[in-house]
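The values are calculated or read from the model by the stated rules, or taken from the named source; none is laboratory data. Treat the numbers as computed from the prediction; the structure is a model and nothing was measured. Neighbour counts are summed over all protein chains in view; Cβ atoms, including those assigned to glycine, are modelled from backbone coordinates with ideal geometry. When the accessible area is computed, the model is the full protein with side chains, heavy atoms only, and any ligands, DNA or RNA have been set aside. Shrake-Rupley method; radii C 1.70, N 1.55, O 1.52, S 1.80 Å.
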Amino acid sequence: RMQNSRSKPCSCPSLKLREVASMYLTMVAAFLVILVVALQGSVPRQSDFPYKVPLDPQGLLELSWNVSYPQQAVHFQLLIRELHFGLVFGMSDRGEFENADLAVLWSDGHNSYFGDAWSDAKGQLHMDSQQDYQLLGARRAPEGLYLLFRRAFSTCDPKDYLIEDGTVHLIYGILEKPVHSLQAINISALHRGLQRVQLLKPNISIPELPSDMKTMEITAPDVVIPSQETTYWCYMAELPEGFPKHHIIMYEPVVTAGNEALVHHMEVFQCAAEFDSFPHYNGPCDSKMKPDRLNYCRHVLAAWAMGAQAFYYPEEAGLAFGGSGSSRYLRLEIHYHNPLVFKGRRDSSGIRLYYTATLRPYDAGIMELGLVYTPVMAIPPGEDAFILTGYCTDKCTQLALPSAGIRIFASQLHTHLAGRKVVTVLSRDGSEQQVVNADRHYSPHFQEIRMLKEVVAVFPGDELITTCTYNTEDRSRATVGGFGILEEMCVNYVHYYPQTQLELCKSAVDPGYLHRYFNLVNRFNDEEICMCPQVSVPQQFYSIPWNTFNRDVLKSLYGFAPISMHCNKSSAVRFPGEWEKQPLPSITERLREPVPRCPPAPGPQPAVPVPLKLGQLRRD
């Protein structure tokens, strides 16, 4: 990297310095190319950056990256197809441009510069005193400009974003005019946006695939994407008559060329076996024309979200489909995100299933953890971080799991619009053992099945505790649990093997204790809240005046009241036993919060940008 040894940052580097910087960067870029060629041998260039996502809806900015766990760093390759006068790229808690951690390329019309910056609460840019986005090179190609840079997961710089497991909100802004300094960039005037990805992909080895493997594509039949920002499209497909039992062993997305920035996520659901047939349907999922029976197609076979790669099952297990007791009918659901409202765009995207007739030793299963879908679990309005917890208790796992236990290998977290964080922890004998899956920057707009970095073993008597954090600052009345998009959920769908009868292991507060809460609130308030049995739980929550006392007592209630446990078989019938008024699991030993590992300090690095020789940048 170019470092200026002078104590004062020089706003106008001398010609000599610029030439040196240019030579230096050319050497770095050349060295990088040589290094890449040396490392890859005959492997194609694509393998250097295996993960790729379009940042903007037009696909003018394309981000590729790789993850080095030994170095604890991410290497980025950013392709800018149409370079104007620079680019802002970075990360923030939820995709805001305020309090963001940024890498900035800008030009004053003659010279170009790259630097690590941050934005304050007002969106004003500042050069970071610790330059942690390290520029590795820049090269022009027929398709555009490639910028190569790296960033450590953790930098121990208070102005930097900590890159951790789960969702990362990436932000970008395009500079359309020259600027004389970094501070002169007006964030609010940029053409800008955000993209969500899982940056820290698990470093898993790909299992060997069998020779008799076949593929099946469940794809949209050349649909015209509606010219509106958000569409959920539903399409019914069916397996051949008499299709015997097979194992799905992997699946991958099939995205129509040119629509990479529009296809946001896709899921394939299997329908309920109790119906002999399902109507054919091809249209928006929210249409009045959609047959109601399609609501019985909810068993997830595959789920993909933008930026995800192929999904592999562990070599000992596969997901069963086909055969007796299994429906032939499948529902494909595609979420199209079309903010530029393109018209007439045709699409045949979907999911390609890879399956085998040679069954693996174990059937994989999917189990729901978290909270029951019920209005007794509610979040007051105006909360910035309200926590609800769902339990899978030791009593349930003792009864339902085999003595050798189960192995969880993947997980899909789910809330509705108010969800901000979701964490599931495995606990044994009152002591937290390990995190099963955590997303501290969770977004309800980005839900994918994620392979876990390591398989989690769960034994009879273990507890699985799922905690969701919600933000209701934009709401004026209570948010209750339920199926509606403005109601809330707290779910972790864990993928595991061997499959057991346990399909759902969730809890909710005991309704009797909640009734006592309503009575107490009623006594403390002058206003009459009708406690008549005919008034529904949501109505009672909606009529509460949300003062500090009522909020704090509800929080306390959820933290100590007994629970109603749902320890259910796939038939939606509970396992035999007493499941009402169960004590909350007591946790005596918590997991320690991981301490971020700081990279060795590279010595004093002055807060000055790195000059780049990119030639005259494009004017409109």
Open item on the list: Considering only segment 256-266, I want to know if a residue exists there that is closer than 23 Å to TYR362 by Cβ and small (Gly, Ala, Ser).
Closed with: no
Task: Criterion (modelled with pLDDT of 80 or more and touching a strand residue (DSSP E or B) at 6+ places or on another chain (Cβ under 8 Å)) met by exactly one of PRO599, PRO576, PRO585 - done: PRO585
- [ ] Among what's in segment 92-148 and is more than 20 Å from LEU170 (Cβ to Cβ) and open to solvent by less than 10 Å² (accessible area, probe 1.4 Å), pick the residue that is nearest to the chain's Cα centre (by Cα).
- [x] GLY137
- [ ] Taking only segment 323-353 into account, find how many residues are outside any loop (DSSP other than H, G, I, E, B) and crowded, with 21+ Cβ neighbours inside 10 Å.
- [x] 10
TODO: Answer with yes or no whether SER211 is out of contact with any strand residue (DSSP E or B) (no Cβ under 7 Å at 6 or more places or on another chain), free of Cβ contacts under 8 Å to residues at least 24 places away in the same chain and either in a loop (DSSP other than H, G, I, E, B) or assigned by the TED database to the domain that holds ILE449 (or both).
DONE: yes
- [ ] Output yes when any residue across segment 422-431 is open to solvent by 10 Å² or more (accessible area, probe 1.4 Å), among the hydroxyl-bearing types (Ser, Thr, Tyr) and out of contact with any Asp or Glu (no Cβ under 7 Å at 6 or more places or on another chain), and no when none is.
- [x] no
- [ ] Collect the residues in segment 260-280 that are crowded, with 18+ Cβ neighbours inside 10 Å and farther than 14 Å from ALA305 by Cα, keeping them in residue-number order.
- [x] PHE269, GLN270, CYS271, PHE278
TODO: Would you check if GLY307 is among the small types (Gly, Ala, Ser), under 23 Å from LEU60 (Cβ atoms) and at pLDDT below 90?
DONE: yes
- [ ] Considering only segment 382-398, state which residues are open to solvent by less than 10 Å² (accessible area, probe 1.4 Å) and farther than 30 Å from VAL573 by Cα.
- [x] PHE386
- [ ] Grab the helices (runs of 4 or more DSSP H) fully contained in segment 478-568, keeping just those with 1 or more residues being out of contact with any strand residue (DSSP E or B) (no Cβ under 9 Å at 6 or more places or on another chain) and touching a residue at least 60 places away in the same chain (Cβ under 8 Å).
- [x] 511-524, 548-560
TODO: Tell me, please, whether a residue that is open to solvent by less than 70 Å² (accessible area, probe 1.4 Å), outside the structural domain of TRP118 (by the TED database) and under 28 Å from the mean Cα position of the chain (by Cα) can be found in segment 181-190.
DONE: no
TODO: Pull up segment 500-513, narrow it to residues that are touching an Asp or Glu at 6+ places or on another chain (Cβ under 8 Å) and at pLDDT below 95, then point me to the one that is surrounded by the most Cβ atoms within 10 Å (Cβ to Cβ).
DONE: LEU504
Open item on the list: Under 9 Å between Cβ atoms, which residue pairs at least 6 apart in sequence (or on different chains) link something in segment 271-287 that is within 18 Å of GLU333 (Cβ to Cβ) and outside the structural domain of THR231 (by the TED database) with a partner that is open to solvent by less than 60 Å² (accessible area, probe 1.4 Å) and among the β-branched types (Val, Ile, Thr)?
Closed with: none
Open item on the list: Quick test for you: out of PRO402, PRO460, PRO444, pick the one residue that is in contact with a Leu (Cβ under 9 Å, 6 or more places away or on another chain) and farther than 17 Å from GLY370 by Cα.
Closed with: PRO460
- [ ] Scan segment 432-450 for residues that are of a type in the set (Lys, Arg) and surrounded by fewer than 17 Cβ atoms within 10 Å (Cβ to Cβ) and jot them down.
- [x] ARG440
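Okay, residues lined up against (1) under 10 Å from the mean Cα position of the chain (by Cα); (2) at pLDDT 95 or above; (3) more than 15 Å from TYR497 (Cα to Cα):
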{"site": "THR389", "(1), (2), (3)": "no, yes, yes"}
{"site": "LYS395", "(1), (2), (3)": "no, yes, yes"}
{"site": "ALA404", "(1), (2), (3)": "no, yes, no"}
{"site": "ARG407", "(1), (2), (3)": "no, yes, no"}
{"site": "GLN412", "(1), (2), (3)": "yes, no, yes"}
{"site": "VAL422", "(1), (2), (3)": "no, yes, yes"}
{"site": "SER427", "(1), (2), (3)": "no, yes, yes"}
{"site": "VAL435", "(1), (2), (3)": "no, yes, yes"}
{"site": "HIS441", "(1), (2), (3)": "yes, yes, yes"}
Task: Enumeration of residues in segment 168-208 that are among the hydroxyl-bearing types (Ser, Thr, Tyr) and in contact (Cβ under 8 Å) with a residue 24 or more places away in the chain - done: TYR172, SER181, SER188
Task: Test: ALA152 is more than 30 Å from GLU315 (Cβ to Cβ), hydrophobic (A, V, I, L, M, F, W, C), more than 25 Å from the chain's Cα centre (by Cα) and not assigned by the TED database to the domain that holds TYR442 - done: no
- [ ] Output the residue which, of all residues in segment 281-307 that are over 18 Å from PRO221 (Cα atoms) and touching a Leu at 6+ places or on another chain (Cβ under 8 Å), is surrounded by the most Cβ atoms within 10 Å (Cβ to Cβ).
- [x] ALA302
- [ ] Might you let me know whether segment 405-417 holds any residue that is in a loop (DSSP other than H, G, I, E, B), on the phi > 0 side of the Ramachandran plot and in contact (Cβ under 8 Å) with a residue 40 or more places away in the chain?
- [x] yes
TODO: Check THR415, THR466 and return the single one that is farther than 22 Å from ARG590 by Cα, β-branched (Val, Ile, Thr) and either open to solvent by 30 Å² or more (accessible area, probe 1.4 Å) or assigned by the TED database to the domain that holds GLY559 (or both).
DONE: THR415
